[in-house]
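Student: My structure is below; once you've seen it, I'll send some questions.
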Amino acid sequence: ILNVEQSPQSLHVQEGDSTNFTCSFPSSNFYALHWYRWETAKSPEALFVMTLNGDEKKKGRISATLNTKEGYSYLYIKGSQPEDSATYLCALNQAGTALIFGKGTTLSVSS
Amino acid sequence: EPEVTQTPSHQVTQMGQEVILRCVPISNHLYFYWYRQILGQKVEFLVSFYNNEISEKSEIFDDQFSVERPDGSNFTLKIRSTKLEDSAMYFCATLSGYTEAFFGQGTRLTVV
């Protein structure tokens, strides 16, 4: 069974702090890496789907990078706001297999 | 825009009763997942399903749980004998293959 690891498991920051999380995955047969944001009592929303080594994507204050050779992706949040509080899930798509989700990083931002 | 539909939105059941949570995936999607979130806790993976069989399941997904596609369209999660600790939001997710996953709005299960 594939292992997608996310760290840290949880994180608490102050409003205005910048932060980042890591997603590690097996680099073989890589096809795509997904990031989702999941706020309590809402459906998860897709943030990014990345496929190329060295990909960097940005959405507002959130950005993500991808290294497929070493098997990791970073998600960055610049100037965290309370509304960024959520669980951030990454998921690996290998060629020919289903999407494998990590257990998530839960971010709490206090004002 | 295509969407994943979950029913019911809220289910209240007595402890020990069976419940069936339903998910209607987007029509050409092939991979299906169930997640849950107990109030105040983290999102937990339950099970993934592909080609009419379970492809992966977590330690939470014990013999009390089962999944199936009874009519080739709906994707169901059955809990045979509910416990108080099964109270949670249950989310279904589906995808076609190499695109982003689409999640339903969730079913809030309350076991009393």
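Student: Can you give the charge dipole size of the stretch A:2-80 about its Cα centre, rounded to the nearest 20 debye, using +1 on the beta carbon of Lys and Arg and -1 on the beta carbon of Asp and Glu? Could the numbers behind the result be given before it?
Tutor: Numbers: 8 positive and 8 negative charges, 43 e Å.
It comes to approximately 200 debye.
Student: Report the label-to-label distance for A:N29 and B:N74 in nanometres (one decimal), using points 7 Å from each Cα along the Cα→Cβ vector.
Tutor: Spacing of the two 7 Å Cα→Cβ label points: 3.3 nm.
Student: Another question, if that's okay. Suppose each label sits 7 Å from its Cα in the direction of the beta carbon; what would the B:E85-A:E83 distance come out to in nanometres?
Tutor: So the label points at B:E85 and A:E83 sit 3.7 nm apart.
Student: Related question: Would you work out what percent of the accessible area of chain B, with all protein chains in place, is carbon or sulfur (probe 1.4 Å)?
Tutor: Working: 2540 of 5650 Å².
For chain B, the apolar C and S fraction of the accessible surface comes to 45 percent.
Student: With contacts defined as alpha carbon pairs under 8 Å and 6 or more residues apart, what's the relative contact order of chain A in percent? Display every interim value, and only then the final one.
Tutor: On the way: 280 pairs, mean separation 41.9, N = 111.
It rounds to 38 percent for chain A.
Student: If you take all C-alpha pairs in the stretch B:57-112, what percent of them are over 12 Å apart?
Tutor: Working: 1148 of 1540 pairs.
Here the long-distance tail beyond 12 Å is 75 percent of all Cα pairs in the stretch B:57-112.
Student: Please compute the modelled spin-label separation between A:Y76 and A:E5, points set 7 Å along Cα→Cβ, answer in nm with one decimal.
Tutor: Result for the modelled spin labels: 2.4 nm.
Student: Same structure again: Buried accessible area between B and A (1.4 Å probe, both chains summed, ligands and nucleic acids excluded), in Å² to the nearest 100? Don't jump to the answer; show the numbers that get you there.
Tutor: Values: alone 6650 and 6110 Å², together 10770 Å².
Using a 1.4 Å probe, the pair buries roughly 2000 Å².
Student: Tell me the relative contact order for the stretch B:1-85 as a rounded percent, counting alpha carbon contacts under 8 Å between residues six or more apart. Walk me through the intermediate numbers first.
Tutor: Working: 140 pairs, mean separation 27.9, N = 85.
Across the stretch B:1-85, relative contact order equals 33 percent.
Student: Please compute the length gained on full extension between B:S58 and B:S96, using 0.36 nm multiplied by the number of residues separating them and subtracting their Cα-Cα distance. Intermediate values should be presented prior to the final figure.
Tutor: Numbers: separation 38, 0.36 × 38 = 13.68 nm, distance 2.21 nm.
That pair, B:S58 and B:S96, stretches by 11.5 nm at full extension.
Student: In this model, which of B:K57/B:K78; A:K57/B:K57; A:K59/A:K103 are farther than 20 Å apart at the alpha-carbon?
Tutor: Check vs 20 Å cut-off fails for A:K57/B:K57; A:K59/A:K103.
Student: Which shape class, rounded, prolate or oblate, goes with the protein assembly as shown when its Cα gyration tensor gives a ≥ b ≥ c as root eigenvalues, a/c under 1.5 marks rounded, and past that a/b bigger than b/c marks prolate?
Tutor: Working: a/c = 2.00, a/b = 1.36, b/c = 1.48.
It comes out oblate by the Cα gyration axes.
The values are calculated or read from the model by the stated rules, or taken from the named source; none is laboratory data. Everything numeric here is computed off the predicted structure, so don't read it as measured data. Because the Cβ atoms are built from the backbone with ideal geometry, glycine has one as well, and the counts that use them run over all protein chains shown. These accessible areas exclude ligands, DNA and RNA; they are computed on the full protein's heavy atoms, side chains included. Shrake-Rupley method; radii C 1.70, N 1.55, O 1.52, S 1.80 Å.
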